[in-house]
Structure formats: structure tokens, C-alpha cells
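Enquirer: Here's a structure for you.
The values are calculated or read from the model by the stated rules, or taken from the named source; none is laboratory data. All of these numbers come straight from a predicted model, not from anything done at the bench. Here the Cβ is made from the backbone with ideal geometry for all residues, glycine too, and neighbour counts use every protein chain on show. The protein model used for the area step is the full one, side chains on, heavy atoms only, and it has no ligands, DNA or RNA in it. Shrake-Rupley method; radii C 1.70, N 1.55, O 1.52, S 1.80 Å.
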Amino acid sequence: MMKIRGTRIIIPLVILILALLLNSNLLLRLFFLSVMVLLISYLWALVGARGVRVQFGELPVISQVGADFNEDITVFNDSRIPKLLLKLEENTDLPGYNNLMELNLRSKSSLHWQTQVKCRRRGRYSLGSATITAGDPFGFFWRNHHAGEPRHLLVYPATMGLPLFDVSTPSNLGDSSSGWLIGQTGTNASGVREYVNGDSLMHIHWPSTARSGKLMVKMFDDGRAPSSSEDVYVVVDMHRASHQGQGDEGTEEYAVTVAASLVKKYMDRGLQVGLIISGDPLVSFLPGRGEEHYSRMMEALALVQASGEIPIDHVIATRMKPVISDSTIVVVSPATTPSLADAVRQLRIRGVLVSVVLLDPASFGGITSSSNLARQLRWLGIPVYIARKGEELFKVLDRRTTPSPVPSV
């Protein structure tokens, strides 16, 4: 489609009117010259993109936030006429990526280049097609020519290693009381760690304290060894009213990153992993194994938005009914309401092992903090992790160091 800059067309008409009014041969010659320039410019733009084609190299179908890949582009001029002042712009909605080149091609020639594509945000995007713009040297006319076929790229959310994340040991609980009964502590000391505020003085390990010069407390087994056959559910709160912040620094992206990392962690361990996302629509995957199952869950996490209408406590109460005892559930949520603690408590009563990752909305610009809810959950003996804006998530979820063996007294 040919496009014309209308203001430039007016100039010859003005010259013609002045030439007639002033009876000036010089202005009349100038008018004919301007018409000739316009005609040549029109023909230049008309044939400028003819015989030009674009070839894109192989593109990945799937990538991940933080990853990058190279994109090969070759432009061919199959015509005997040189192509000058061409502009090529790739048609893409990939955030942060803009492939724009100005080209001059000799007759029967080609030009090849390679660009690095960085994936900065999860989602589904388009690559592999371009718009070639041919214009005249004066900028009076230009014509767009579309080349290539758009191809879709699915960008998975970022994941991080969580070697120390543990559902069976509460975070920041004084006596590590994540036993099979609420508030119950195992009898076997499995290690020691540094004292934190709220730890029971009854569990201080004095020999380690004397050696280190710091208060050290015992860590206890809960009597339940993780089973390789147990089901693991990751439950992600995408209720629109709960989330705060925008873009990469919002609770939505933090929640998706944590959920994706947990899915990968447990899939890599060979466990059966399920996923529930309270978005719109609600997404639910029964526990399973295998690459295809993993891909489907990661695709769901790549595309989900915080647009759900159902509060997370209601999702847990209704969707978790079929979950059997000895299963593991990790809830990722920015909620602050006590009803979440009630829903999680019901799971614990049924013998389900539960842990909660809270995204503190106050740190993301919200009004309410998750501190009160965290205290309620800890009082129930439920492991709680609190992530705040700007914190490195792998450190938040790996806050407890691996316990060293308990030295003999």
C-alpha cells in the first residue's frame, strides 16, 4: 500500500498558482520540475520493495525468562535493480526487543545478520515476520511490504534452585515443630542451628553454644520421612483483589516465579506434581510426572494473569477435598485474611503436609501486611516463608541453612 505525505503534494500546486497569478515562466518551469520529482519519487517507492524477500532462520518454540538465543535474518534482492534506502522492522511483541535495520542492496545480492534475542518476560509472543519499507530519497512516498510468516514463542517463567526449601520443617519456628500433629515435636535431634527470636530455651544445645560463641538450638525430626511416592500440589493465588504492584516488581510475577521453581524442584526429584492456579479461568492439573506434564504446567504459569475472582481459601476448601493424607501442598499467596489460615488448618487436620509462601503486599505498595497471618500460621505449626519486594527469592526460600549433625554431649 502506497502512502503519501500530503503536505508535500501541496507544494507543486502552490507553485502553479503563483506562476499563473504572476505570469512567471521561471515559476512555471519550477512547477514542472517539482511534478517530475514527484513522479520519479513515486516510481522509486513503487518498485523499491519488489523482488525483495526475507528469510528467518530456525527459531525456538520455547524459551525461558533470563535465557537468550540468536536469530538469523537474510534479506535477498532478486531484482536487477539496486534497492536503496530500505528499512526493515521485525514484527514482534516480545518485550524489550526491537530489530530495526536500514538496508542498501546491490542487484542480485543478499545481506545477512544475526541478532541476540533476550527473553525478559513470560508469555506467548510472535517472531519471524517483518515489514520492509521502501521510500523515495525525498520522503514524499513510502510503501510497506510484509515478509515472512509469524511464529510463536512461548517464554516460561524464570525458575531458581531451591535445594534447602523444606515443607516438613517450619520456617522461623522456635522448636521446628512441623510434626505430624499440630504443635507436636519429634524426639530425634537431627541437627543444630543458630538461635532466632522465639526459639524455646529448652532446646538450646549448650556444647555447640560454647564452641561457637552463639546460642545454638537443636532441630528435631518430625517422625515422617518424605516418601518418594507422595503427591505434591503447588497452589498459586491469582485472585485479582489480593495482588499488588506492576510488572516484574509485582506480587503476580513473584508468585509465578516461586510456583514455577517449586514445580521444577519436585519434578526433578521424580515426585508426582500437581498445580492449581486460581486465575480466570481456574487451572487445575492432577499430580503427574514426565516432560509433557511439566510442559503443560509451565505453559499455564507462563500465560496466567492475576484476574481470578475466587479467593484462595475458597479454592483450597473446594479443590483440595480429594487430596489424601501424606500429600504435600505448598500455597503461594499475597493474601492477608485469616480465612487462609482456617483453610490450611483444615488440611493439616486431615494429615496433609502444608507450607505457605506469603508475598507481603505491604512491601509492594499495599496497605495490609502479611505479618499477622504469618503469626497465625506459625501458631498452628505451619511452615511460613515471607517474601518482600526486592528480596532475592532463592534466599528467602532457602533461609534455613542445612543443619549440621548434633554433636554428642
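Enquirer: Within segment 296-306, which residues are in a loop (DSSP other than H, G, I, E, B) and open to solvent by less than 20 Å² (accessible area, probe 1.4 Å)?
Expert: 304
Enquirer: Another question, then. For segment 239-260, give me the residue count where each residue is assigned to a helix (DSSP H, G or I), closer than 25 Å to residue 274 by Cβ, small (Gly, Ala, Ser) and touching a helix residue (DSSP H, G or I) at 6+ places or on another chain (Cβ under 8 Å).
Expert: 2
Enquirer: If I filter segment 61-76 for residues that are open to solvent by 70 Å² or more (accessible area, probe 1.4 Å), touching a strand residue (DSSP E or B) at 6+ places or on another chain (Cβ under 9 Å) and acidic (Asp, Glu), do I get at least one hit?
Expert: yes
Enquirer: Do you know which of the residues in segment 350-374 that are open to solvent by less than 20 Å² (accessible area, probe 1.4 Å), closer than 16 Å to residue 254 by Cα and of a type in the set (A, V, I, L, M) is nearest to the chain's Cα centre (by Cα)?
Expert: 359
Enquirer: Scan segment 312-340 residue by residue and report those that are part of a loop (DSSP other than H, G, I, E, B), within 21 Å of residue 280 (Cα to Cα) and among the aliphatic types (A, V, I, L, M).
Expert: Once the filter is applied, which keeps residues that are part of a loop (DSSP other than H, G, I, E, B), within 21 Å of residue 280 (Cα to Cα) and among the aliphatic types (A, V, I, L, M), segment 312-340 yields 320, 335.
Enquirer: Follow-up. Working only within segment 14-32, note down all residues that are open to solvent by 100 Å² or more (accessible area, probe 1.4 Å) and of a type in the set (A, V, I, L, M).
Expert: If the condition is that a residue be open to solvent by 100 Å² or more (accessible area, probe 1.4 Å) and of a type in the set (A, V, I, L, M), then 20, 21, 22, 26 are the ones that fit.
Enquirer: Within segment 205-224, how many residues turn out to be open to solvent by less than 30 Å² (accessible area, probe 1.4 Å), outside any loop (DSSP other than H, G, I, E, B) and at pLDDT below 75?
Expert: 2
Enquirer: Within the group 292, 309, which residue is surrounded by fewer than 17 Cβ atoms within 10 Å (Cβ to Cβ) and under 22 Å from residue 160 (Cα atoms)?
Expert: Selected residue: 292, the only one of 292, 309 that is surrounded by fewer than 17 Cβ atoms within 10 Å (Cβ to Cβ) and under 22 Å from residue 160 (Cα atoms).
Enquirer: Are any residues in segment 261-289 charged (D, E, K, R), under 24 Å from residue 393 (Cα atoms) and either in contact with a helix residue (DSSP H, G or I) (Cβ under 9 Å, 6 or more places away or on another chain) or surrounded by fewer than 20 Cβ atoms within 10 Å (Cβ to Cβ) (or both), and if so, which ones?
Expert: 264, 268, 269
Enquirer: Can you find, within segment 105-126, the residue that is most open to solvent (accessible area, probe 1.4 Å) among those that are in contact with a Pro (Cβ under 7 Å, 6 or more places away or on another chain) and within 23 Å of residue 253 (Cβ to Cβ)?
Expert: Taking the candidates together, the pick is 120.
Enquirer: Being closer than 20 Å to residue 146 by Cβ, within 36 Å of the chain's Cα centre (by Cα) and crowded, with 16+ Cβ neighbours inside 10 Å narrows it down to one of 102, 90, so name that one.
Expert: Answer to the selection: 90.
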